[in-house]
Structures are given as C-alpha cells and as structure tokens.
Amino acid sequence: MSITIIGAGLGGLTLARILHVNGIAATVYEAEASPTARTQGGLLDVHEHNGQPALAAAGLLEQFRDLVLQGREALRVLAPDGTVLLDEPDDGTGTRPEIQRADLRRLLLDSLPEGTVRWGHKVTGVRAVGQGRHEVSFADGSSIVTDLLVGADGAWSRVRPLVSESTPDYVGTTFVETYLFDADTRHPAATKAVGDGALMAPVPGKGIQAHRESGDTLHTYVSLSVAQDWFDGIDLTDTAAATARIAREFHGWAPELTALITDTDTAPVLRPLFALPIGHRWARVPRVTLLGDAAHLSPPNGEGANLALLDAADLAHALVRHPDNPEAALTEYEQILFARSAEEADEAARDFERCFGASTPESLLALLTGAE
Ligand SMILES: Cc1cc2nc3c(=O)[nH]c(=O)nc-3n(C[C@H](O)[C@H](O)[C@H](O)COP(=O)(O)OP(=O)(O)OC[C@H]3O[C@@H](n4cnc5c(N)ncnc54)[C@H](O)[C@@H]3O)c2cc1C
C-alpha cells in the first residue's frame with residue numbers, strides 16, 4: 001500500500017518517521033524547494049504529555065534533549081511601563097523544554113531515509129479516482145496516485161476539501177514578527193526586559209511578546225487586534241516607516257519594549273491568525289485523513305506543534321496496528337483525533353482570550369500562576 005503524506009512540517013515528518021521505525025514506508029511531498037527555503041519560526045516548548053511521547057515513539061527523545069536550549073523556560077510578564085508583574089526564572093525543574101523549531105525539523109528530516117521527502121512539490125489538486133485511491137496533482141504539472149493520503153499540509157490544506165468544506169476564519173488578531181540580532185551587545189535594554197526566556201506584555205487589544213532565542217537573538221511577536229485591512233496602508237518593505245507606524249500603537253510604553261519593534265534588524269512580517277471551527281470534524285472518507293493544523297488549526301497557545309506531533313504518533317500507531325485494514329486504522333485514529341481536537345481547540349480559544357482579551361494582563365497572570 002502506498003502512503004502519501006502532504007507537507008513536511010513537524011506533523012508530516014513525525015508521521016513518516018514513526019512509520020519508518022515500524023518498517024512502513026511513506027513518501028512526503030512538500031511545496032518548499034528545499035529544507036532551508038524558509039526560516040522556520042521561533043522557539044517551541046515540547047510538552048511531557050503530547051510532544052515528548054511522540055518524539056519517544058519516533059526514537060528521537062535523546063537527540064531532542066541534546067538540542068534543548070537550557071534556561072529558556074524563564075517567563076516574565078511586564079506592564080506597559082516596564083513594571084515587572086511576574087518573573088519566573090528557569091530553575092531547571094520545568095517540564096516544557098524549549099527547542100528551535102528549525103532544529104526539531106532538521107532532527108526529523110535527518111532521521112528519514114534519503115528520498116523520503118520530495119521537495120518542490122506543491123499540491124494544486126486532489127481527487128478520488130475510485131477504490132479509495134486518490135490522484136494528487138502538483139504545480140509543476142506532474143501527478144501521482146496513492147492508496148492512502150494524509151493531509152499534513154497546515155492551515156491552508158489542499159487535502160482538507162476532500163473531507164470537509166470548512167475553511168479557517170480570521171480570529172481578529174495579527175502578529176507582527178520582528179528580530180533583533182546580537183541582542184546582548186546591540187540591544188542591552190531590550191535584552192534585559194525579555195530576560196532569559198519569554199516575555200509577555202499584553203493589554204486588551206495589543207501586546208508585545210518576545211523570546212530570547214539561540215544565537216543571541218530576540219524574536220518578537222507584536223499582537224494587534226485589528227481588522228486585516230488595518231495594515232493595508234503600511235508598506236512593510238519600508239522597515240523604518242512600518243515599524244514606526246506599528247510602534248505608534250504603543251505610544252507611552254517603556255522604550256525597552258518598543259525597541260523590540262523599532263530596532264528590528266529584519267523587515268516586519270505579518271502573521272494574521274486564523275482558526276478552524278472548534279470541534280471541526282468530518283465523516284469518514286475512504287483512505288484519506290488529516291493531521292495537525294490541517295485538521296484543527298487554532299489560535300496559538302503553545303500547543304499546535306505539540307498536537308501535530310501527537311496526531312502523527314496516533315495515526316502511525318493505528319496504521320501499525322492495522323497493517324491490512326487502513327479503514328480500521330483511520331476510523332480508530334479519527335475517533336481519538338476528534339475528541340482531543342475539540343477539547344484542545346476550545347482550550348486554545350480560551351487561552352488566547354486570557355492572554356490577549358479584555359481582561360488581560362490579570363487573566364494572563366491568573367492562568368500562569370494557576371490562580372484560575
Ligand atoms: C505565531 C505562531 C506561533 C506559534 N507558536 C507555537 C508554539 O510556541 N508552540 C506550539 O506548539 N505551536 C505553536 N504554533 C502552532 C504551530 O506552528 C502549528 O500548530 C504547527 O506548525 C502545525 O504543524 P503541522 O505539521 O500541522 O503544519 P505546518 O507546520 O504548517 O506544516 C505544513 C507543511 O505543509 C507544507 N504545505 C502547505 N501547503 C502545501 C501544498 N499545497 N503542497 C505541499 N506542501 C504544502 C508547508 O510548506 C509546511 O511545510 C504557533 C503558530 C503561530 C502562527
């Protein structure tokens with residue numbers, strides 16, 4: 001049985017890897033031209049109850065631990081004037097080790113047999129061709145037919161329409177991404193504000209969040225709860241003017257916080273946030289399924305990548321348990337997936353509201369200190 005996975009994100013690669021360690025071959029088709037075609041985003045904390053067991057199933061937990069950035073579980077919450085509202089140092093007892101997403105993806109890629117990932121294969125269409133088989137068409141005009149198809153192709157999945165008419169909706173908030181390099185020497189005040197790990201400084205409708213990443217880099221997500229067209233008049237290629245406009249929304253905030261916007265070493269990048277409906281599910285469609293964001297895209301609450309890893313492990317194990325009966329495997333997997341995803345999507349929406357909603361930062365502090 002040929003198994004085709006669309007998308008070489010963390011979910012698709014973990015699925016391919018766990019199948020591989022269980023002696024099952026799969027091919028991953030990825031739109032990007034190469035593993036380094038795009039920067040891979042920031043730090044991920046990989047959790048004990050979802051991401052880590054999946055990496056254990058992939059036989060990669062030890063290598064993962066070697067790549068963890070020490071001390072990055074520290075967390076600070078600041079008020080707009082720079083007052084420290086919460087300061088939790090990383091005392092080494094945390095259970096959410098932080099890793100650069102690019103390092104985790106590289107670990108997974110290196111663990112797969114040569115040729116498993118076919119780069120530069122952007123899926124443009126999928127259709128059923130009978131007996132549960134599907135034809136997958138690519139932007140370069142080529143196509144393949146597969147016995148089992150898995151959509152691990154993220155928010156704008158091209159596989160999803162085979163099973164569901166749902167599409168993600170804008171959640172009302174956009175993140176603006178900036179980077180400050182050589183932070184210790186060039187941006188000492190901002191570095192001190194961020195601390196050793198993560199910084200959050202939200203008020204209702206806006207906020208400045210940052211992480212201290214590897215290589216002496218401060219990676220910031222500025223959040224603005226505005227309509228998407230609010231950004232229409234801003235020329236993002238003019239970094240100084242664009243960041244000055246965005247920083248205007250933070251007028252009166254401490255300069256060490258606004259410096260995370262205005263001192264950026266890269267052009268700001270917009271990350272409008274989208275989500276699928278909470279409880280997104282579908283009726284069983286022969287020999288096709290989804291995992292990760294393709295199945296349950298939610299507002300970011302630190303769980304999305306972890307859930308993609310866990311989905312991949314659950315799907316792989318179901319396929320291993322039913323080597324001759326893919327329908328039984330997919331039915332079993334989707335039962336677990338739907339129940340978990342509904343709960344997690346609901347939690348993500350509530351966490352997002354606590355972090356960025358009308359009652360922040362009090363609701364955020366209550367969440368972080370367990371007072372809630
Ligand atoms: C700003 C932000 C911060 C986040 N922070 C965290 C965090 O701290 N912790 C956490 O756990 N989660 C976080 N998340 C969520 C996390 O990034 C996702 O949930 C996770 O990446 C989902 O993994 P995935 O494998 O399902 O999809 P993706 O990582 O999106 O991978 C999908 C892959 O499919 C490929 N692809 C897409 N379309 C096609 C196509 N047509 N043909 C072929 N290939 C295609 C893409 O190029 C990509 O490689 C964050 C999300 C955002 C937006």
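Would you list TYR170, TYR333 from fewest to most Cβ contacts within 10 Å? Walk me through the numbers on the way to the answer.
On the way: TYR170 12, TYR333 22.
Sorted ascending by nearby Cβ count, the order is TYR170, TYR333.
When only Cα pairs under 8 Å and 6 or more residues apart are kept, what is the percent relative contact order across the chain?
Relative contact order of the chain: 21 percent.
Place the peptides 221-234, 335-348, 201-214 in order of packing, highest mean first, counting for every residue the other Cβ atoms within 10 Å and averaging per peptide.
201-214, 335-348, 221-234
For the chain, what is the calculated [θ] at 222 nm in deg cm²/dmol (nearest 500), taking -39500 (n - 2.57) for each run of four or more DSSP H residues and dividing by its residue count?
Numbers: 12 runs with 126 residues, N = 372.
So the calculated ellipticity at 222 nm is -10000 deg cm²/dmol.
Antiparallel versus total DSSP beta bridges in the chain: what percent is that, nearest 5?
75 percent
If amide H atoms are built 1.01 Å from N in the plane of the peptide, which residues on other chains or at least 5 residues away come under 5 Å of the amide H of PHE274?
For PHE274, whose amide H was placed from the backbone, the distant partners under 5 Å are VAL171.
May I ask you to sort ARG271, ARG354, ARG17 by Cβ crowding, counting other Cβ atoms within 10 Å and putting the fewest first?
Ranking ARG271, ARG354, ARG17 by Cβ neighbours within 10 Å, fewest first, gives ARG271, ARG354, ARG17.
Helix by helix through the chain, keep the DSSP H runs that span 24 Å or more along the axis on Cα and average at least 0.5 on Kyte-Doolittle, and give those back in order.
Working: long enough: 304-321 (26 Å, 0.86); 326-356 (42 Å, -0.56).
Both cut-offs are met by 304-321.
Using a 7 Å offset from the Cα along the Cα-to-Cβ direction at both ALA37 and THR124, what is the distance between the two label points in nm, to one decimal?
1.4 nm
Before anything else, pin down the relative contact order of region 1-138: Cα pairs under 8 Å, at least 6 apart, normalised by residue count, whole percent.
That works out to 31 percent.
Taking amide H atoms as placed 1.01 Å from N in the peptide plane, list the residues 5 or more away in sequence, or in a different chain, whose amide H sits under 5 Å from that of VAL28.
ILE5, VAL117, ARG118
How would you rank 53-65, 307-319, 129-141, 91-103, highest first, on the average number of other Cβ atoms within 10 Å across their residues?
Those peptides, ordered most packed to least, come out 307-319, 53-65, 91-103, 129-141.
Defining a contact as two alpha carbons under 8 Å apart and six or more residues distant in sequence, what relative contact order in percent does region 190-279 show?
22 percent
How high is the FRET efficiency between THR239 and VAL320 when r is their beta carbon distance and R₀ equals 51 Å, given to the nearest 0.05?
For THR239 and VAL320, the calculated efficiency is 0.55.
Residues with amide H under 5 Å of LEU112's amide H, sequence separation 5 or more or different chain, H placed in the peptide plane at 1.01 Å from N; which?
HN-HN under 5 Å from LEU112: empty list.
Just so you know, all these numbers are worked out from the coordinates, no wet-lab data involved. Predicted, not measured: the structure shown is a model, and the values here were computed from it. Neighbour counts run over all protein chains shown; Cβ positions are idealised from the backbone, glycine included.
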